[in-house]
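The values are calculated or read from the model by the stated rules, or taken from the named source; none is laboratory data. Note that this is a predicted model, so its numbers are computed, not measured. All Cβ positions, glycine included, derive from the backbone under ideal geometry; neighbour counts span all protein chains shown. Protein only, heavy atoms only, side chains kept; ligands, DNA and RNA dropped before computing areas. Shrake-Rupley method; radii C 1.70, N 1.55, O 1.52, S 1.80 Å.
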Amino acid sequence: MSESSLIGRASQPITTRRNSAMPVRIFSGRVHVSLLILALAEICVVFAAVYLAVIVRFAGPSSVSGAIAFFHATVGSIWPRGLLVVAVTLPCLASMGLYQLTQRARFSGIVLRIAIAVLLSEAVLGLIFYLAPSLFVGRGIVGLEGLFALAGLTLVRYGFLRLADENIFRRRVLVWGSGARAANITNKLRRRNDQRGFNLVGFVKAPGDGDGVPDHQILALDEELLRLALRLDIAEIVVAPDDRRGGFPIADLLECRMRGVEICDVLEFFERESGRVDLALVQPSWLIFSKGFRSDVLRLTTKRMFDIVVGATVLLLAAPIALLTAISIFLEDRGPVLYRQTRVGQNGRLFSMLKFRSMRIDAEPNGEARWAARNDSRVTRVGKLIRKLRIDELPQVINVLAGHMSFVGPRPERPEFVESLAQTVPYYRERHSVKPGITGWAQVRFNYGSSEKDARQKLEYDLYYVKNHSLAFDLMVLVQTVEVVVFGIGSR
């Protein structure tokens, strides 16, 4: 198509209402509009809970304005304290996994998570008020604020769950392609929770596509692509043909892009919606040319400073728990407290990773590496408890301070497993381009891996982290690790 004809078509008055609820870019990632609205609503709820607590606590026979005036006169301004409560409560909610679009817990499980988050925020606020008495608002107000926040957050969540699947929060998506690459969308994003960010309208068959998508999902293209997109109220077109060499609609896609329809590659779309990189779609050129995979001096410096600060803090706060754990391990079988195991670190370098010993002394009598199994008989009684609570990982803080590991990153594997997996799982060695971590994106999004199949799926999350890692991402993973510990997700 010539440039002049494209300009002429772009000026035609083709108009329709379009769903444009695209993800919002924050830091180096994207946040779905529905989650952003949810977070803003919950900020308002928590902030209002502080004011309501003041009114209920001091109103009595006086008016609402009188209660607020009394608090101002005797304690101070309410709004700075309200912002403090919000700043503490939101990370606590995030630590319970409540800002994940793919949250699969039942409503009762969500209420439990809200209750734990509120209790956690109350404890943190108590510590802050102890260290900074000038901010204290009174035990009565803190207690009432917690009750009001719990009730308000529960109501907001109930409403959100009722509306989350409505099209108002979902982008209408059309896929250009109907072969094997396009079928990855329906095969791997098939659950309702996986599709909370988009509504898949259909597929358009591309030249050279094989069988992949059922016929009833394929739309007939008997008009211009732009007219089809606008008629179907499409917000985004995902490009997923099996072969781009023949009949690729560059002019049509450009025309759609100029009219405000978002265009993205299927790998980018899958990465954004699932939080992982689909190995079936990855090509070496994507690893070379795609954005991300940062290793600049600023990122390395901030990550190292983050590790030192967090590591020193955890080591100080967890010292009593570590001492009690060491005594318990020794008393059970009089064996060594710590367990050293060779693992593969950044750029393939080997190091000795420290853990509290959770298995019998003769767990591997022949020295042969074995995958940990569910209900593994080699795990001791103390080991079962410390594994469930992830206390066995505490000594790895020493590895972090020594520079062998980071707090957040792909979990380090044993050399025997790495050699085996590198032969069968594509791009497995690329996970070693960053330091391994005590916790990681795969740990908060995937269960404990104990097979080659699990390792492949965990690698998809690890590659997503390697591509998108940042200080904000590390903080988010660290916060969400609290949910993993509290609910024992993935522990064995």
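Quick notes
- For Val485 and Phe330, the FRET efficiency from 1/(1 + (r/R0)^6), where r spans their Cβ atoms and R0 equals 30 Å, is about 0.80.
- Two-decimal log10 I(q)/I(0) for region 146-229, as the Debye equation yields it once each C-alpha is a single scatterer, q = 0.13, 0.14, 0.22 Å⁻¹: -0.55, -0.60, -1.05
- Phe473, Phe289, ranked by accessible area, largest first (probe 1.4 Å): Phe289, Phe473
- The charge dipole of the chain, taken about the Cα centre with unit charges on the Cβ atoms of Lys, Arg (+1) and Asp, Glu (-1), comes to about 980 debye, rounded to the nearest 20.
- Here region 421-460 is scanned for amide nitrogen atoms under 18 Å from the site 7 Å beyond the Cα of Leu338 along Cα-to-Cβ, giving 438.
- Whether region 282-329 is rounded, prolate or oblate, judged on the alpha carbon gyration tensor where a/c under 1.5 counts as rounded: oblate
- Hydrophobic, long helices, defined as DSSP H runs whose alpha-carbon span along the helix axis is 27 Å or greater and whose mean Kyte-Doolittle value is at least -0.5, occur in the chain at 33-58, 107-131, 139-163, 297-317.
- In the chain, lysine pairs with alpha-carbon atoms under 17 angstrom apart (chain gap of 8 or more, or interchain): 10
- Oblate is the label for the chain. Its Cα gyration tensor axes, ordered a ≥ b ≥ c, give a/c of at least 1.5 and b/c at or above a/b.
- Computed extension gain for Ala151 through His72, at 0.36 nm per residue and net of the alpha carbon distance, reaches 25.9 nm.
- Packing around the peptides 300-307, 395-402, 314-321, 80-87, taken as the average count of other Cβ atoms within 10 Å per residue, puts them in this order, highest first: 395-402, 80-87, 300-307, 314-321.
- Protein-only accessible surface order, largest first, of Leu125, Leu298 at 1.4 Å: Leu298, Leu125
- Between the residues Pro284, Pro395, Ser108, the greatest Cα displacement towards the positive end of the dipole of the chain, with unit charges on the Cβ of Lys, Arg, Asp and Glu, is found for Pro395.
- DSSP bridge pairs, the chain: antiparallel proportion in percent, nearest 5: 40
- For Ala251 and Val297, a Förster radius of 35 Å and the Cβ-Cβ distance give a FRET efficiency of 0.25, rounded to the nearest 0.05.
- Under 5 Å between amide hydrogens, built in the peptide plane, is the criterion, and for Gly437 it picks out Ser406, Gly409, Arg411 among residues at least 5 positions away or on other chains.
- Computed from point charges on the beta carbon alone (+1 for Lys and Arg, -1 for Asp and Glu), the dipole magnitude for region 32-190 about its Cα centre is near 740 Debye.
- Extension gain (nm, one decimal) between Glu224 and Ser63, 0.36 nm per residue minus Cα-Cα: 51.4 nm
- For the chain, the fraction of 1.4 Å probe accessible surface lying on carbon and sulfur atoms is 61 percent.
- Signed unit charges on C-beta, dipole axis of the chain, positive-most listed residue Thr89, Asn193, Val466: Thr89
- Tensor-based shape of region 261-342 (alpha-carbon gyration tensor, a/c under 1.5 rounded, otherwise prolate or oblate): prolate
- Each label was represented as a point 7 Å from its Cα along the Cα-to-Cβ direction; for Asp194 and Ala123 these points are 3.6 nm apart.
- Solvent exposure of the chain as accessible area per residue, Å², 1.4 Å probe: 49
- Annotation: for a label point projected 7 angstrom from Cα along Cα→Cβ of Gln217, residues of region 181-207 with backbone N closer than 15 Å are 181-196, 198-206.
- Val482, Val54, reordered so the largest accessible area comes first (probe 1.4 Å): Val482, Val54
- Rounded FRET efficiency, nearest 0.05, which uses the C-beta distance separating Ile37 from Lys384 and R0 of 35 Å: 0.25
- The Cβ shell under 12 Å around Leu98 holds other residues with a net charge of 0, Lys and Arg each +1, Asp and Glu each -1.
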